[in-house]
Each structure stands twice: as C-alpha cells, then as structure tokens.
Amino acid sequence: MRILVGYDGSNAAKDALKLAQKHAKAFDAKIDVVKIGEIIIGVRKRSKVGKLLLGSTAQYVVLHAPCPVITIK
C-alpha cells in the first residue's frame, strides 16, 4: 500500500503527514510526499441533493486548492 500526502508546509499539511506516518506504520505502507503546482481531478455529475447530503471532495479541491485545478468528466 502507498499513501500520498500533498505537502505545502502548512500546519494542516504537517498534521496530514503525521497521520500518514501512523497509518504507514499500522499498515506497513510507504508514504509519497509531493508539492504540487497543478491538480487534474476526475469529476462525476451528481444531483444537487447528492452534493448536499454527501458533499463533494472534487468541489472542495476546486474551491480551496492553492494552485490551478483542471477537472475532467
């Protein structure tokens, strides 16, 4: 198993890395740490109710990423 951590030096990224280290130890996994300049993410069409009830990870990434995001359907 491999664990991917997006790392930008923020406190949230540091916390994510600490959690990844715990998971890696528990599951005998390797960690890949990356700093990114662009994100390409796949999205799927969902109803408004589906978005409201379950949220959308892709939507969150698009709205909060500190770099350009390209979405593909």
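A Cβ distance below 8 Å, combined with a sequence gap of six or more or placement on separate chains, defines the contacts here; from segment 36-47, residues that are under 16 Å from Tyr7 (Cα atoms) reach no residue that is outside any strand (DSSP E or B) and among the charged types (D, E, K, R). Summed over segment 1-13, residues that are surrounded by 12 or more Cβ atoms within 10 Å (Cβ to Cβ) and modelled with pLDDT of 95 or more total 1.
The values are calculated or read from the model by the stated rules, or taken from the named source; none is laboratory data. Fair warning: this is a prediction, and the values are worked out from it, not measured in the lab. Glycine gets a Cβ as well: all are built from the backbone with ideal geometry, and neighbour counts include every protein chain shown.
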